[in-house]
1. Using only Cα atoms, locate the centre of region 109-142 and the centre of region 9-30, then give the distance between them in Å, rounded to an integer.
2. Among 117-130, 65-78, how do they line up by average Cβ neighbours within 10 Å per residue, starting with the highest?
3. Among 169, 115, which comes first, second and so on when ranked by fewest other beta-carbon atoms within 10 Å?
4. Residues of region 97-124 with backbone nitrogen within less than 14 Å of a virtual label 7 Å along the Cα-to-Cβ line of residue 25, please, listed as ranges.
5. Of the listed peptides 82-88, 97-103, what is their order by residue-averaged count of other C-beta atoms within 10 Å, with the highest listed first?
6. Take the alpha carbon gyration tensor of region 6-68, find the square roots of its eigenvalues, order them as a ≥ b ≥ c, and report rounded if a/c is under 1.5; if not, report prolate when a/b exceeds b/c, else oblate.
7. Taking the DSSP beta bridges in the chain as the whole, what percent of them are antiparallel, to the nearest 5?
8. Order these by the 10 Å Cβ neighbour count, fewest first: 89, 14, 24.
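Every number here is computed from the coordinates shown, using simple stated rules; none is lab data. Quantities reported herein were computed from a predicted structural model and do not represent experimental measurements. Neighbour counts are summed over all protein chains in view; Cβ atoms, including those assigned to glycine, are modelled from backbone coordinates with ideal geometry.
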């Protein structure tokens, strides 16, 4: 069975044209919603995905109706594949997991997305290393000054409860607890 999904971004737009196109393409049921593609919580998309079973095909008029980014698209296609269903975009002929050619194209797209993620990770790592080399302190700024840390540790060693020490410095007791482990 073919199940359609139609989405528009704003209330001023209408899904009627998409619904008509999906219905004429043979979709027995069409889930429709008004939601930004940037939203991760799209109720009707969740319902459409939940209604899929092995052998079904989720159909959209264009890829941008389903996903806003490559990562979002690949995650959604993975969810569809796990149910044993297929996917097809009416206007993007290459995006059809019911054909070998379409599966190949989407596999290549997935490989490119993975490559892009690795490049971003590498650049971020290199940027952090350069910042550290310049003396930039990464992470949160410490809640306690070095003098306050020294005082808190001395009070801990004297047996004072960490909650009492934390109250005097106006920090959480876990901040004081981490001082012991940071030595």
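1. So the separation of the two Cα centres works out to 42 Å.
2. For the peptides 117-130, 65-78, the packing ranking is 65-78, 117-130.
3. 115, 169
4. Under 14 Å, as judged by backbone N against the label point of residue 25, lie 97-99 of region 97-124.
5. Listed from highest to lowest mean packing, they are 82-88, 97-103.
6. In terms of gyration-tensor shape, oblate.
7. Beta bridges within the chain, antiparallel portion: roughly 5 percent.
8. Exposure proxy ranking, most exposed first: 24, 14, 89.
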